[in-house]
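Read the structure below first, then the notes.
The values are calculated or read from the model by the stated rules, or taken from the named source; none is laboratory data. Not measured: the values here are computed from a predicted model. Quick reminder, even Gly has a Cβ in these numbers, built from the backbone with ideal geometry, and neighbours come from all protein chains shown. SASA here: full protein model, heavy atoms, side chains in, ligands and nucleic acids out. Shrake-Rupley method; radii C 1.70, N 1.55, O 1.52, S 1.80 Å.
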Amino acid sequence: MREINVVIDELKQVKPDVFLLNFKSANIAKKIKPFQFFNLKVDTQATILRRPISVHRVDGDDIYLLFRVRGRGTKILAAKKKGDILNILGPLGNGLKLTSQFQKTKLNILVAGGIGVAPLFFLGQRLKRQTVNSLEPDFVLLGAAKEGDILCEREFKKIGYKVLVATEDGSRGIKANVLELLTRKLSDLAVSCGDPKKLSVNIYSCGPKPMLLAIKPVIRRYPNVQAKISLEQFIGCGVGACCGCTIETKQGYKKICKDGPLFKLEDIV
Ligand SMILES: Cc1cc2nc3c(=O)[nH]c(=O)nc-3n(C[C@H](O)[C@H](O)[C@H](O)COP(=O)(O)OP(=O)(O)OC[C@H]3O[C@@H](n4cnc5c(N)ncnc54)[C@H](O)[C@@H]3O)c2cc1C
């Protein structure tokens, strides 16, 4: 982890309130792991605390961040321009370690609620790159309020994922939330494998915390379905010093910025 200045290569608006920012760093691109994030100094006066944003995708030396404008900090970030200097601290967090080349033994399902898709796309890229026997395509389930809010559908399809969509107003995909979509997908898969106990799936999810916790009852009847969730909440220092992002787990208190942001769902109390 280090503090560096990077030059913004491009910052484009992909939705009315969502922006894609990219910068180059060969060093970071080589080492970074899915679910790691940067703590960005968006301004020197208006916002004292840095703002955490996940790695969204990595293409060669290019690192992309996808963010939704929420308040003051992200509004300042969205107003930056190509060529501006951005001070970043990172990569931070305990990223997911994927062994260099591995045989896929379980189906992966990536479940995104809204902007929660941001870190999942980088995971999707890495799972594809490192899996050697991916005959069976993995699934991405995207949830959004309406059609216009759906993010990354085309991008996931392009790298070989089967994408299913749920919108709250029914303007695209099924009219439901993404958990309903997950419930139906698991149930279909259990029927095809003949026994819910044999269904073997890894779920990775990011989105609002209530949505993430609501995955627990959905997977209860499948003993071989495990879920890992990426938690987002206010982060102070980002390096485990201020303890501002501490949460209670079955293994005691953990810091989202240092021990997470990815946790086993079963460990969250
Ligand atoms: C590890 C981590 C990774 C993240 N990755 C991304 C990402 O890739 N893309 C992205 O768009 N966002 C991401 N976030 C959330 C992002 O950090 C916040 O949206 C941002 O800090 C808000 O700053 P702000 O100054 O714009 O909003 P503020 O002015 O600080 O707050 C505006 C409103 O948003 C709420 N809010 C602010 N931060 C959060 C939060 N973390 N969780 C829930 N509610 C919040 C506040 O309660 C307030 O109502 C991540 C958060 C964490 C902890």
- Message: Can you tell me the orientation of helix 117-130 relative to the chain, as the angle in degrees between its alpha-carbon axis and the longest Cα principal axis, to the nearest 10?
- Response: 70
- Task: For a label point 7 Å from the Cα of D61 along Cα→C-beta, name the residues of segment 1-16 whose backbone N is under 18 Å from it.
- Result: 4-11
- Item | In nm, spacing of pseudo-spin labels at S200 and K82 (7 Å Cα→C-beta vector) | 4.8
- Task: Compute the normalised compactness of segment 107-229: alpha-carbon radius of gyration over 2.2 N^0.38 Å, N being the residue count.
- Result: 0.99
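Stretch N5-E180 to full length: gain in nm at 0.36 nm per residue minus the Cα-Cα span? It would help to have the intermediate numbers written out before the result.
Working: separation 175, 0.36 × 175 = 63.00 nm, distance 4.26 nm.
Net length gain for the segment: 58.7 nm.
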- Note on the structure: Computed, not fitted: 222 nm per-residue ellipticity of the chain from DSSP H runs ≥ 4 (each -39500 (n - 2.57)), nearest 500, equal to -6000 deg cm²/dmol
- Message: About the Cα centre, and with charges only on the beta carbon of Lys, Arg (+1) and Asp, Glu (-1), how big is the dipole of the chain? Nearest 20 debye, please.
- Response: 360
- Note on the structure: Under the 7 Å Cα-to-Cβ spin-label approximation, E248 and D267 lie apart by a distance in nanometres of 1.7
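Give, in whole angstrom and from largest to smallest, the semi-axes √(5λ) of the equivalent ellipsoid of segment 2-92, with λ running over the eigenvalues of the Cα gyration tensor.
In descending order, the three semi-axes are 19, 15, 12 Å.
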- Query: If you wrap the chain's Cα atoms in a convex hull and average its projection over all directions, what's the area in nm²?
  - Reply: 14.0
- Message: With just the Cα atoms defining each centre, how far is segment 81-133 from segment 193-269? Give it in Å.
- Response: 16
- the chain - percent of accessible surface contributed by carbon and sulfur, probe 1.4 Å: 50
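Can you give the FRET efficiency to the nearest 0.05 for K146 and K216, using r as the Cβ-Cβ distance and R₀ = 35 Å? Intermediate results must be reported in sequence, preceding the final value.
Details: r = 27 Å, r/R0 = 0.78.
For K146 and K216, the calculated efficiency is 0.80.
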- Note on the structure: XL table K128/K216; K30/K97; K15/K75; Cα-Cα > 21 Å flagged, in table order, is K128/K216
- Task: Would you give the gap between the C-alpha center of segment 153-169 and the C-alpha center of segment 61-80, rounded to a whole Å?
- Result: 23
- Message: With a 1.4 Å probe and all protein chains left in place, how much accessible area per residue does segment 2-92 have, in Å²?
- Response: 50
- Message: Sort 222-228, 10-16 by packing, meaning the average of other beta carbons within 10 Å per residue, with the highest value first.
- Response: 222-228, 10-16
